[in-house]
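Only one structure is covered here, and it is reproduced in the block below.
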Amino acid sequence: MSLTKTNMLVRSLSTSSAAAQLVKPPVQVFGLEGRYAAALYSAASKKKSLDPVEKELAAFQQNMKSDAKLKEFIINPTLKRALKVEALKHVATKINLSPTTGNLLCLLAENGRLGKLEGVINAFKIMMAAHRGEVTCEVVTAKPLDAGQKQNLEAALKKFLKGNEILQLTAKVDPSLIGGMVVSIDDKYVDMSVASKVKKYTELISTPV
């Protein structure tokens, strides 16, 4: 997408006449969803409504998961775009969405991109996490971590952070790992599981000399 088209997208999402100047998000998310999310970030930033927009989108995303009819309406490609636009305008007014959030929904409907809405919301969440200085980390272990293990792990991982960055740790369990752990922090990935070592040694043993 060219800068001109991106500016047009920002203007479409914003109610401000000064929307042409982009406010770049703190992290880039690639793909169509990332471009819409970046335009949304710029428009919401100009309106000083980043946090409210994030909360509205998170609530709308949750409603899509719990309301089968809403989800079907969003993803159904056979419904006319004009019908979806009018319906979403009505919904935005009814649940009192901010103009920026309402504009996003209507713009996606106009462009036949509502099927990308969940991806746009997730991309916007990534940008907002970076905006707050959050560094996401996922740790997968064979058995649940106890409080002491989790505390020690958090202390070790925080050494990778810079300045005022905040660690957001998610712990998951996967018995197939046998032991050890798999750590993903930001764009870094480290596999320290017993399963990966077993696989490595098995491959070495199986390789003809």
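The values are calculated or read from the model by the stated rules, or taken from the named source; none is laboratory data. Note that this is a predicted model, so its numbers are computed, not measured. Reconstructed Cβ throughout: ideal geometry from the backbone, glycine too, with neighbour counts over all protein chains shown.
Number of residues in the stretch 174-191 that are modelled with pLDDT of 80 or more and either within 10 Å of residue 141 (Cα to Cα) or charged (D, E, K, R) (or both) equals 11. Per the conditions (1) out of contact with any strand residue (DSSP E or B) (no Cβ under 9 Å at 6 or more places or on another chain); (2) not assigned by TED's automatic domain parsing to the domain that holds residue 183, the sole criterion not satisfied by residue 146 is (2). Put simply, of 120, 173 the only residue that is in contact with a Phe, Trp or Tyr (Cβ under 7 Å, 6 or more places away or on another chain) and in contact (Cβ under 8 Å) with a residue 24 or more places away in the chain is 120.
Checking the stretch 2-11 against the condition returns a match, with at least one residue being over 18 Å from residue 130 (Cα atoms), touching a Ser or Thr at 6+ places or on another chain (Cβ under 6 Å), modelled with pLDDT under 95 and of a type in the set (A, V, I, L, M, F, W, C).
Can you say whether residue 22 is touching a Phe, Trp or Tyr at 6+ places or on another chain (Cβ under 8 Å) and not in a helix (DSSP H, G or I), as far as the supplied structure shows? No; evaluated as a whole, the condition is false for this residue. Of the residues making up the stretch 63-88, those that are over 19 Å from the mean Cα position of the chain (by Cα) and closer than 12 Å to residue 117 by Cβ are 70, 73, 84, 88. As a summary of the residue check, residue 60 satisfies the conditions (1) free of Cβ contacts under 8 Å to residues at least 12 places away in the same chain; (2) over 24 Å from residue 135 (Cα atoms); (3) within 16 Å of the chain's Cα centre (by Cα) except for the one numbered (1). Check the stretch 94-108 and report whether any residue there is touching an Asp or Glu at 6+ places or on another chain (Cβ under 7 Å) and more than 23 Å from residue 47 (Cα to Cα). For the stretch 94-108, residues touching an Asp or Glu at 6+ places or on another chain (Cβ under 7 Å) and more than 23 Å from residue 47 (Cα to Cα): absent.
The criterion of at least 3 residues that are under 23 Å from residue 33 (Cα atoms) and of a type in the set (Ser, Thr, Tyr) is met by none of the helices (runs of 4 or more DSSP H) wholly inside the stretch 115-209.
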